[in-house]
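Trainee: What follows is a structure written as structure tokens; I'll ask about it next.
The values are calculated or read from the model by the stated rules, or taken from the named source; none is laboratory data. The structure presented is a predicted model; accordingly, all values stated were derived computationally and were not measured. Backbone-built Cβ (ideal geometry, glycine too); neighbour counts: all protein chains shown.
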Amino acid sequence: MSDKIKKIFVEPQTCYKFTEKEVANDTLNELYNLVKWGPTSFNSSPMRLKFLKSSTSKEKLSKLVSDDNISKVINAPVCTIIGMDIEFWRDLPKNYLREDAKQYFENDTTKSEVTAFRNSSIQGGYFIKAANSLGLSVGPMSGFSNDLVDKEFFNGTTIKSNFLCNLGYAAEGGFYERAPRYDFSDIAEII
């Protein structure tokens, strides 16, 4: 396995403590420009992003997360809300050129929401690995009220929150001791 692969897939861990070094807006643009190429079903690309950098925006979010996540949100250089447009299908005529795929979702709210959640989660995985490839450490989080975050940050839209992800440059001692992972034979079967 190459060192480059290890730096993206093996070495990164969930980061709990970041340096004060700013994450440049150009880096956030570069991050998105990597993520956007990852495949999604029907090229649906439902992920929507809010990069919270200001103290004011992070303070608002910190009131909507569990107690153990408050300091994580406030102290990260960037806290990203990974959202999903549950009406992603409105853009399918321009994003998916092979057929009229809009018809599969526009009258089926459940199918639309399930597809948005699944594919924004897939894109969230690309987001984390793309961030690692740019030298950023990440701290993905649950532990927040989706309803309150949606009301505060996506009110009046068709966008809902999926998960949060802190971004920055890891500080010394920013990681916990690495926990074990399953072996292939524990969780995989070739049939």
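A quick yes/no check of all residues on (1) under 27 Å from F175 (Cβ atoms); (2) without any contact (Cβ under 8 Å) to a residue 24 or more places away in the chain:
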site: D3; (1), (2): yes, yes
site: K7; (1), (2): yes, no
site: D68; (1), (2): yes, no
site: N107; (1), (2): no, yes
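Trainee: Evaluate the following for N43: is it under 11 Å from L164 (Cβ atoms) and modelled with pLDDT of 95 or more? It would help to see each step written out before you state the result.
Mentor: Details: under 11 Å from L164 (Cβ atoms): no; modelled with pLDDT of 95 or more: yes.
No: the conditions fail for N43.
Trainee: Something else about it: If I filter the range 23-71 down to residues being assigned to a strand (DSSP E or B) and either charged (D, E, K, R) or out of contact with any Lys or Arg (no Cβ under 7 Å at 6 or more places or on another chain) (or both), which single residue comes out as surrounded by the most Cβ atoms within 10 Å (Cβ to Cβ)? Even if it seems obvious, please write down each step before you answer.
Mentor: Filtering the range 23-71 down to residues assigned to a strand (DSSP E or B) leaves 47-52, 65.
If we keep only those that are either charged (D, E, K, R) or out of contact with any Lys or Arg (no Cβ under 7 Å at 6 or more places or on another chain) (or both) too, we end up with 47-51, 65.
Details: M47: 26, R48: 21, L49: 17, K50: 17, F51: 18, V65: 22.
Residue satisfying both the conditions and the ranking: M47.
Trainee: Does the range 174-191 hold any residues that are among the small types (G, A, S), loosely packed, with under 10 Cβ neighbours inside 10 Å and either assigned to a strand (DSSP E or B) or modelled with pLDDT under 95 (or both), and which are they? Write out each step before concluding.
Mentor: Of all residues in the range 174-191, those among the small types (G, A, S) come to 174, 179, 185, 188.
Those still in the list that are loosely packed, with under 10 Cβ neighbours inside 10 Å too: 179, 185, 188.
Matches in the range 174-191: A179 only.
Trainee: Would it be correct to say that Y126 is at pLDDT below 95 and hydroxyl-bearing (S, T, Y)? Can you show your working first?
Mentor: Working: at pLDDT below 95: no; hydroxyl-bearing (S, T, Y): yes.
No, not satisfied.
Trainee: Additional query: Picking from A101, A116, A171, which residue would you name as being touching a residue at least 60 places away in the same chain (Cβ under 8 Å), surrounded by 11 or more Cβ atoms within 10 Å (Cβ to Cβ) and either farther than 30 Å from T56 by Cβ or in contact with a Pro (Cβ under 8 Å, 6 or more places away or on another chain) (or both)? Spell out how you get there, then give the answer.
Mentor: Details: A101 fails: touching a residue at least 60 places away in the same chain (Cβ under 8 Å); A171 fails: either farther than 30 Å from T56 by Cβ or in contact with a Pro (Cβ under 8 Å, 6 or more places away or on another chain) (or both).
Testing whether each residue is touching a residue at least 60 places away in the same chain (Cβ under 8 Å), surrounded by 11 or more Cβ atoms within 10 Å (Cβ to Cβ) and either farther than 30 Å from T56 by Cβ or in contact with a Pro (Cβ under 8 Å, 6 or more places away or on another chain) (or both) leaves just A116.
Trainee: Given the structure, is I128 touching a strand residue (DSSP E or B) at 6+ places or on another chain (Cβ under 7 Å), over 21 Å from S57 (Cα atoms) and among the β-branched types (V, I, T)?
Mentor: Working: touching a strand residue (DSSP E or B) at 6+ places or on another chain (Cβ under 7 Å): yes; over 21 Å from S57 (Cα atoms): yes; among the β-branched types (V, I, T): yes.
So I128 passes the test.
Trainee: Restricting the first residue to the range 46-65 and requiring it to be at negative phi, which pairs with a second residue that is of a type in the set (D, E, K, R) meet a Cβ separation below 7 Å and a spacing of at least six or different chains?
Mentor: P46/D85; R48/D85; L52/K58; K60/E152; L64/E152
Trainee: Which of the residues belonging to the range 148-191 are closer than 21 Å to T115 by Cβ and of a type in the set (D, E, K, R)?
Mentor: D150, K160
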